[in-house]
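Some notes on the structure that comes next.
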Amino acid sequence: MNEQAVSANRISVLDEHTANRIAAGEVVERPASVVKELVENSLDAGATQITVTLEQGGKELIKVTDNGCGMSREDAVLSLQRHATSKIRDAQDLEAIRTLGFRGEALPSIASVSLLEMITRRESEPDGVRLEVEAGTITNLESIGAPQGTTITVRKLFFNTPARLKFLKSAQTELSHITEFVGWYAMAYPEVRFRLVHGGREVLSSPGTGIRLNSIAQVLGKDAVKQLVPIEFVSPAVKVEGFVSNPSLTRINRREQVFFVNGRPIKSRTIAHAIDLAYRGLLPPGRYPAAVVFVQVEPELVDVNVHPAKAEVKFSAEQEVHNAVHRAVNRALMEGAAAPAMSEPSDASGPLSVPKDQVPSRPSAPPLELRPDEREYRQGTLDRMSTMDIGAFQDALARRREEAIREVSAHDPFTWEKGAGVPVEESPVPEAAPDQVETYAPRTVALSGVKIIGQARATYIVAECDDGILVIDQHVAHERVLYDRMLRSDQLKSPAIQRLISPVSLSLSARESAIVRQRLDQLRKAGFELEEFGRDTYVMRGAPPSLKPSEAEVVIRDMIAELVDLSVARHLIVRPDQVLITAACKMAVKAGEKLSEAEMKRLIDDLLKCENPFVCPHGRPIIVSLSNWELDRKFRRV
Ligand code: ADP
Ligand code: MG
C-alpha cells in the first residue's frame, strides 16, 4: 500500500476497474453479518478492545465500540461511500490482502438499510466527530468530545426494506449466530479483549491476555478445552497451529470445527478433509473431532476475493495446506496417544509441547479475568495452563483422557454390545466441599508397571499398574492390536500372509463379488490373498498367519458378509480402511474365550505398544480404570 497517498485523507474511492474486480454480493443479510463487518473493521483499525452491545438479537440495536485508530472527519464521511476504503488502492493490491476488509462496501451497505450513528476520533486529533445517517443519507455531522476509537450504532436494521425484515429469525436465533461469530474472532485474536452484551447481560467475554487457550475456553467452554491437544506444523509456505480434540471425544457433526486462514474464519473442505484423514481409523463412522485450526499463509498464496461474505478462500498452494494440516493433526494424535509419557507430570520435556502462542506474549499480561461463576477456572486446569505449567497441562490431558474413556463407555451410542465397557466406577466420587476442591488429585492412571491379575467372565483382563487397577476388554484390545499391525504392513507393502496348502474356493453373490473386486488390495493388506477365478468366484490362496487354515474360510466369509452390510448403508462403496477394521474385528479373540496367562500377557504387551491403546478402531473404549486415589477415596482412606 502506498503510505504517502494515505497520509492526508487515508480513505479513497476505488477506481471503477478495481471496484469491478471485487466479488460482488449482498454482505448485509442479517444482524450477524453487520456484527461481522463492524468487528472486522475494528480489528483492521488495530483495536485491542471491542465491545458488541445488542438489543433483540441485534434487530433493534447493534453497537460496536473499539479503541482502534479512529477516523478523521473527512474519512468518517468518506467511509460511507461505496468502494471507499483505506485498505487497498488498486487492483494489484487485491493479490495480497493483509486486512480483513478491502471492498469498501460494508459501511455504506449497512447505513443504507438502518439508522446509523458513528462517533469516532483519531488519536492525533483533539475532537471527535459524530455522524448520523438515515437510510444512507447523512442527516447530522458535528464535532464532539470522544475517546480515541470508533463507536458505530446500528438501529432498526432493515426498517426500510420490509422484505428482508420479514426474513429475520427470532432474537434468540440471531443472537446465537452473532455469538458464534464473535466467539470465532475472540479465538483468532486472543490479544484483543472482546465483550458481547445482549439485553444488558454479558454473553461472552475474552480476557485479551494473548493466551489463545484462555480465549478458546471462554468460547467453547471449559469442558471442551480440557479435551484439546495442541497441534503445530511449520513449513516454508504454511504455518498451522491450533487444537484438536482427543479421539475419544467426538461430535456427531462438524459444528465444533472452526478454521481460520490468516485470522479470517472460513469454511474449507481442504482443511476438513485433512483432519478427517488424520483421524482415520480412530473414530467410528459419522463422528467428528472438535478442531480449532489456524492457518497462516503468505497473502499472495490465498485469494480471499472469491466469496461475497468472505467466508471461503482459494489457496494456490492447496496441497501444501492440506499436507500441513494433516501432519500437524497427525503428529499431535500420535504423540498425545502415547499414554505412559503423558501422565508423568514431572517430565516437562515430554512429547506434548505447548505451542508458543500459549505463552503470554507480554510478561506483564494481566491475569486471567474471570466472572464469578467461573471460579473453577481459576482453581482448575486453565489457571495452571496460563502459568505455563506444562507438567500440569499434560497431567490435565491425561486425566481428561481417562474421564473421556469413562464417559464414552457410559454414554457413547456406538457401544454396540450392551453391557460391554460399563465403567467399573459406577457411583461418582463424592463431591468435595467447594472450598477444598481438589484440582490436581492424582486420578490419572499411567500405563506403567502393568501386571495381570486374571481374566473376569472370560471377557475382561483385570490388571494392576503403578497407579491403579485396569479392566481391559480383550476383544477390543485385540482388535486395536491387529488393526495397528495391518496399518503398519500397509506402510511396508509386505503384509504377513501364509500360503494355504489347499486354496479355498469362494463362490459369491454378484453384490459380494463387486465389493471384493473393489477391495482386493485392502484384503491383501489384511492378510487375505484372493484371486478372481471366473464369474463371481474367487480362490483364497493366502490367509493371515494368526489364523488356522480351517478358520480362515469362516473369517473371510464373515468379513465379506459384514462388508456387504456396511455397503448397503453406504451405496455399495466400502471405505478402504473399513476392510481393515472388519478384518481386525473378525480375527480378534471374542468375549467369552478363555485366555491363558501367556496369551493375556502377549495381548497386553502388544496393546501397550499401540499408538492409541485406549480406543478401538470402532471408537469403543478398550480400558477402564480405577486409580489408586479413587479406590482409597472410596474406602475413605484419603
Ligand atoms: P473496508 O473495510 O472494506 O475498507 P468498510 O465499508 O467496512 O470497507 O469501511 C470503509 C473504511 O472505513 C475502511 O477502509 C476504514 O478506513 C474505515 N473504517 C471503518 N470502520 C472503522 C473503524 N472501526 N475504525 C477505523 N476506521 C474504520
Ligand atoms: Mg470493512
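A few points about this structure:
- Taken over region 266-324, residues that are assigned to a loop (DSSP other than H, G, I, E, B) and either within 30 Å of Val476 (Cα to Cα) or modelled with pLDDT of 90 or more (or both) amount to 12.
- Taken over region 504-523, the criterion of being more than 27 Å from Glu593 (Cβ to Cβ) and surrounded by fewer than 18 Cβ atoms within 10 Å (Cβ to Cβ) is satisfied by Ser505, Ser507, Ser509, Ala510, Arg511, Ala514, Arg517, Gln518, Leu520, Asp521.
- Only one entry in Leu157, Leu196, Leu228, Leu175 is farther than 18 Å from Glu60 by Cα and either in contact (Cβ under 8 Å) with a residue 40 or more places away in the chain or surrounded by 19 or more Cβ atoms within 10 Å (Cβ to Cβ) (or both), namely Leu228.
Conditions (1) under 30 Å from the mean Cα position of the chain (by Cα); (2) assigned to a helix (DSSP H, G or I), marked per residue:
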{"residue": "Ile560", "(1), (2)": "no, yes"}
{"residue": "Val579", "(1), (2)": "yes, yes"}
{"residue": "Lys590", "(1), (2)": "no, no"}
{"residue": "Leu595", "(1), (2)": "no, no"}
{"residue": "Ala598", "(1), (2)": "no, yes"}
{"residue": "Ile604", "(1), (2)": "no, yes"}
{"residue": "His618", "(1), (2)": "yes, no"}
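- Extreme residue, farthest from the chain's Cα centre (by Cα), among residues of region 55-72 that are of a type in the set (D, E, K, R) and over 25 Å from Ser143 (Cβ atoms): Glu60
- Qualifying residue in region 327-350 (condition: modelled with pLDDT of 85 or more, out of contact with any Ser or Thr (no Cβ under 9 Å at 6 or more places or on another chain) and over 30 Å from Cys465 (Cβ atoms)): yes
- Selection of first residues in region 283-306 that are closer than 30 Å to Tyr483 by Cβ and of second residues that are aliphatic (A, V, I, L, M) and in a helix (DSSP H, G or I), restricted to Cβ pairs under 7 Å at least 6 apart or on distinct chains, gives the following pairs, ordered by first then second residue: Pro289/Ile275; Ala290/Ala224; Ala291/Ile275; Val292/Met187; Val292/Ile216; Val293/Ile271; Val293/Val325.
- Selected residue [at pLDDT below 90, in a strand (DSSP E or B) and farther than 28 Å from Val113 by Cβ] from Val240, Val219, Val229, Val225: Val229
- Sub-8 Å Cβ pairs linking a first residue in region 95-107 that is of a type in the set (Val, Ile, Thr) to a second residue that is near ligand 2 (Cβ under 8 Å from one of its atoms) and part of a loop (DSSP other than H, G, I, E, B), at least 6 apart or interchain, are Ile97/Lys87; Thr99/Lys87, ordered by first then second residue.
- Residue list for region 55-76, filter: on the phi < 0 side of the Ramachandran plot, open to solvent by 50 Å² or more (accessible area, probe 1.4 Å) and more than 10 Å from ligand 1 (Cβ to nearest atom): Glu55, Lys59, Glu60, Lys63, Arg73, Glu74
- Against the list (1) more than 39 Å from the chain's Cα centre (by Cα); (2) without any contact (Cβ under 8 Å) to a residue 40 or more places away in the chain, the condition Leu520 fails is (1).
- In region 175-193, the count of residues that are over 26 Å from the mean Cα position of the chain (by Cα) and modelled with pLDDT under 95 is zero.
- Residues that are over 16 Å from Ala561 (Cβ atoms) and either of a type in the set (A, V, I, L, M) or assigned to a helix (DSSP H, G or I) (or both), drawn from region 523-538: Arg524, Lys525
- The set of residues in region 77-95 being within 12 Å of ligand 1 (Cβ to nearest atom) and charged (D, E, K, R) consists of Arg82, Lys87, Arg89, Asp93.
- Search result, residues across region 91-146 that are open to solvent by 60 Å² or more (accessible area, probe 1.4 Å) and either modelled with pLDDT under 90 or within 16 Å of ligand 2 (Cβ to nearest atom) (or both): Gln92, Glu95, Arg98
- Of all residues in region 610-629, those that are farther than 19 Å from Ile469 by Cα and open to solvent by less than 10 Å² (accessible area, probe 1.4 Å) have Cβ atoms under 6 Å from Cβ atoms of residues that are at pLDDT 80 or above and part of a loop (DSSP other than H, G, I, E, B), 6 or more apart or on another chain, in Cys616/Ile622.
The values are calculated or read from the model by the stated rules, or taken from the named source; none is laboratory data. This structure is a prediction, so every number in the text was calculated from the model and none was measured. Note: ideal-geometry Cβ built from the backbone for every residue, glycine included; neighbour counts use all protein chains shown. Each accessible area value is taken on the protein alone, full model and side chains, heavy atoms only, with ligands, DNA and RNA left out. Shrake-Rupley method; radii C 1.70, N 1.55, O 1.52, S 1.80 Å.
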